[in-house]
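Below you'll find the structure, written out as C-alpha cells, and then a few comments.
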Amino acid sequence: MAARAAQPPSTRPEKDPLAARQEMVRDRMNQLEDRMFRLAEKLAESEPEQAERLRAALEKSRELLVRRSMEEISLLLESGQVGRARERQEALVADLNRLLKIMTETPDESGALEAEARRLRELKERLARLTERQAELRREAQHAEPADEVDRLRRSAERIEAAIEREQKAIERTRQAAPGDVAQGAAQASEQADIRAKVQETAADINAADRTTPSATRPVAGADATAAREALDQAAGQMRHAETALAGGRFDGARPAQEGALESLREALEAVRRAMGRAARPDANRLADQQRRIAGEARRLAEDMQGRPEGQPGSEGSTPGRENVERAGGHMEQGAGELEAGRAGEATRHQDRAIEELREAMRRLEEELQQVRREQQEEILGGLEERFREMLARQLKINEDTVALDRKGADKWERPDELLAGAAARGERDLADQAEGAGRVLREEGTTVVFPEVVEQLAADLLELSGRLAAQNVGSATQRLQADVVETLQGLVEAVAQKRRTLQDPSGVSPGAQPGQERPPLLPGSAELKLLRACQMRVNRQTNAFIEAAGTDPDLTPEQQEELRRLSDRQKQVETMARQMYERAAGP
C-alpha cells in the first residue's frame with residue numbers, strides 16, 4: 001500500500017502543440033462547411049449562381065475528404081511523424097486552393113460565347129446566300145425585263161396601226177380617183193411608197209428585237225413575232241405592186257394590191273398583239289414567283305434573328321440587322337407585285353433597295369460577330385493571364401527554395417530539406433500540368449503560331465525541372481533553366497496583358513484584327529515575333545552554357561548527349577515557327 005501510495009498520480013500526456021493547432025483548423029473547417037450549407041440555402045432564390053458555387057465547393061470538399069485529411073494530419077503530428085504530416089499538409093493546401101478557386105472564380109462563359117459566335121456565323125452564311133440569290137434575280141430582271149419586250153412590241157403595234165390607218169385612207173383615195181389621172185396616180189404612188197417604207201422599218205425592228213429577246217422569253221413570243229414580220233414583208237410586197245399600178249394611173253389594178261396589203265397589216269397587228277401577251281406574262285410571273293420565294297426566306301431569317309437563345313450574351317434583345325432583313329423582305333414583296341404588273345423598272349428599284357438593306361444587315365451582323373469574338377478573346381486571355389501570373393509567383397518561390405538548398409549543400413541536408421526538394425519537384429510538375437492545359441486551350445483556339453509552341457516548350461522545361469529536383473539536382477544548371485522559365489512566363493504575361501489592354505481600347509479595332517477578317521489572331525503578329533525572338537535568345541544562352549560546361553572534351557556524358565538533343569530539337573522548333581509565321585504573313 002505504501003509503495004502504491006508513493007507512486008505519483010497518473011497524468012495524461014500533453015497534446016503536441018502542432019497537433020492541437022491542426023485540430024483547431026479542422027474544427028473551423030467543420031464550422032465553415034456548415035455555414036456554407038446554410039448560406040447556399042438562403043441564396044438559392046435571390047442569388048442562384050452564388051448558391052450553386054457554394055454547393056459545388058461543398059461537394060468538392062467532401063469529394064476530396066478535406067476534413068478526414070485534417071484529422072489524419074493531427075494524428076500524424078501526435079505520433080511525431082512530422083515528415084509525413086508535412087507531405088499531407090502540402091496536399092491539403094492544394095485541395096483548399098481548388099475549393100477557393102471554385103468559390104471565387106468568375107463563371108466560365110466561353111461555352112455560351114462560342115455558341116453565340118456559331119449562331120451568328122450561321123446567320124451570316126444564310127444572309128450571304130440570301131443576298132446572292134437576290135442579286136442574281138436582280139441581274140436576271142435587268143437583262144430579261146418582260147416590260148421592255150412588251151414596250152418594243154407595243155411600239156411596233158402602234159406603228160402598224162398607223163400604217164393601217166394610212167392604208168385605209170389611201171384605198172379610199174384610189175377608189176375616188178378618176179381613171180387615167182396620171183398626176184393623181186403619181187401622188188398616191190409616192191404616198192404608198194412612204195407607207196411601205198414605214199412598214200419595212202417596223203418589220204426590221206421586230207426582227208432585231210426577236211434576235212435579242214432572252215432565251216427564257218423567245219420560245220414563247222418568237223413564233224408570233226416571226227409571223228408578224230412575215231405579214232409585214234408580205235404587206236410591203238403588195239404595196240410595191242400598188243405603187244407600180246398607181247404610177248401608171250391604173251387605179252383599178254392598184255386597189256386589189258392595196259386591200260391585200262391592208263389585210264396583211266391586220267394579220268401582222270394580231271400577231272404582234274399575241275406576241276405581247278405571250279412574251280410578257282409567263283416570264284414576269286416566273287420572276288415574281290422567284291421573288292416571293294426569296295422574300296419568304298428573308299421573312300424566316302428575320303424570325304430567327306428575333307431573339308437569342310436563353311443564357312447567351314444579349315439574349316434580351318434581337319440580333320442586330322433583323323430590322324434591315326425585315327425591310328428587305330418588304331421591298332422584295334413590292335418588287336414581286338411590280339413584276340406581275342409588268343412594271344419592271346419599278347420592280348428593279350425595289351430589288352435594289354432590298355439588296356441595300358441586306359448588305360446593311362450583313363455589316364451590322366459582322367460587327368456583332370466581331371464583338372463576340374473580342375469577348376471570346378478577352379475570356380481566353382483573362383484566364384491565361386491569371387494562370388500565367390499564378391504560375392510565375394509559384395515558380396519564383398520554387399526558385400528561392402532551390403537557391404537556398406544549393407547554398408546549404410546537399411551533404412548538409414536534413415529531412416526537412418529533402419522534403420522541401422520533393423515539394424519543389426511536385427510543384428514543378430503541377431506547373432507543367434498547368435502549362436499543358438494552357439497549350440491545349442491555345443491549340444483549340446487555333447489562331448496563333450508561336451504562342452502555343454512557346455507554352456508547350458514551357459511545359460517541357462517544367463517537366464525537366466521536376467525530374468532534376470526529384471533527383472535533388474539543385475545546381476547552377478537547374479537554376480539557369482528555372483530562370484529561363486521565369487523569363488518565359490514574364491514574356492507570356494506581358495504579351496497577354498498588352499493584348500487585353502488593346503481589346504479594351506474604345507476604338508474597338510486591335511492590331512492584327514483587320515475589319516472583316518474571319519478570325520483575328522489571339523495575339524498580333526508583333527507579339528508573337530517578340531515571343532519567337534525571346535525563344536531564340538534562350539536557345540542561344542542554353543547552347544553557350546552547354547559549350548562552356550562540356551568544354552573541349554569530345555566524349556560527352558549521357559546527360560550531355562541528352563541535353564544536346566534537347567537543344568537541337570528546340571532550335572528546329574524555332575525554325576518551324578519562323579517559317580509558319582512567314583507563310584501566314586505571306587498569305588495563300
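Kindly indicate whether VAL441 is in contact (Cβ under 8 Å) with a residue 40 or more places away in the chain, touching an Asp or Glu at 6+ places or on another chain (Cβ under 8 Å) and either closer than 22 Å to GLN573 by Cα or basic (Lys, Arg) (or both). Judged against the criteria, VAL441 is not a match. Based on this model, can you work out whether LEU465 counts as buried (at least 20 other Cβ atoms within 10 Å of the Cβ), within 32 Å of the chain's Cα centre (by Cα) and within 28 Å of MET577 (Cα to Cα)? In short, no. Report whether or not LEU99 is within 60 Å of the chain's Cα centre (by Cα), modelled with pLDDT under 90 and in a helix (DSSP H, G or I). Taking the combined requirement at face value, the residue satisfies it. Of all residues in the range 375-412, those being without any contact (Cβ under 8 Å) to a residue 40 or more places away in the chain and over 29 Å from ARG501 (Cβ atoms) number 8.
Within this structure, ALA223 fails the test of being in a helix (DSSP H, G or I), within 20 Å of GLN142 (Cβ to Cβ) and modelled with pLDDT under 90.
Could you identify the single residue in ALA354, ALA347 that is in a helix (DSSP H, G or I), at pLDDT 90 or above and outside the structural domain of ARG154 (by TED's automatic domain parsing)? Please lay out each step first, then the result.
Numbers: ALA347 fails: at pLDDT 90 or above.
Answer to the check: ALA354.
Being within 24 Å of ARG538 (Cα to Cα), surrounded by 16 or more Cβ atoms within 10 Å (Cβ to Cβ) and assigned by TED's automatic domain parsing to the domain that holds ASN540 is true of LEU481.
Could you please let me know if GLN472 is modelled with pLDDT of 85 or more, touching a helix residue (DSSP H, G or I) at 6+ places or on another chain (Cβ under 8 Å) and in a loop (DSSP other than H, G, I, E, B)?
Numbers: modelled with pLDDT of 85 or more: yes; touching a helix residue (DSSP H, G or I) at 6+ places or on another chain (Cβ under 8 Å): yes; in a loop (DSSP other than H, G, I, E, B): yes.
For GLN472, the condition - modelled with pLDDT of 85 or more, touching a helix residue (DSSP H, G or I) at 6+ places or on another chain (Cβ under 8 Å) and in a loop (DSSP other than H, G, I, E, B) - is met.
Considering every residue within the range 565-585, establish whether at least one is surrounded by 11 or more Cβ atoms within 10 Å (Cβ to Cβ), within 44 Å of the chain's Cα centre (by Cα) and either of a type in the set (Ser, Thr, Tyr) or part of a loop (DSSP other than H, G, I, E, B) (or both). Within the range 565-585, one or more residues are surrounded by 11 or more Cβ atoms within 10 Å (Cβ to Cβ), within 44 Å of the chain's Cα centre (by Cα) and either of a type in the set (Ser, Thr, Tyr) or part of a loop (DSSP other than H, G, I, E, B) (or both). Being at pLDDT 85 or above and of a type outside the set (Asp, Glu) is the requirement here; does ARG118 meet it? The answer is yes for ARG118. Restricting ASP433, ASP417 to residues that are closer than 30 Å to GLY80 by Cα and either touching a His at 6+ places or on another chain (Cβ under 8 Å) or not aliphatic (A, V, I, L, M) (or both) narrows the list to ASP417. So which residues in the range 525-554 are surrounded by 15 or more Cβ atoms within 10 Å (Cβ to Cβ) and either at pLDDT below 85 or touching a His at 6+ places or on another chain (Cβ under 6 Å) (or both), if there are any at all? Passing the criteria: only ALA550.
Being assigned to a helix (DSSP H, G or I) and more than 35 Å from the chain's Cα centre (by Cα) is a property that does not hold for ARG126.
The values are calculated or read from the model by the stated rules, or taken from the named source; none is laboratory data. All values derive from a computational prediction rather than experimental measurement. Positions of Cβ are generated from backbone atoms using ideal geometry, with glycine treated the same way; all protein chains shown enter the neighbour counts.
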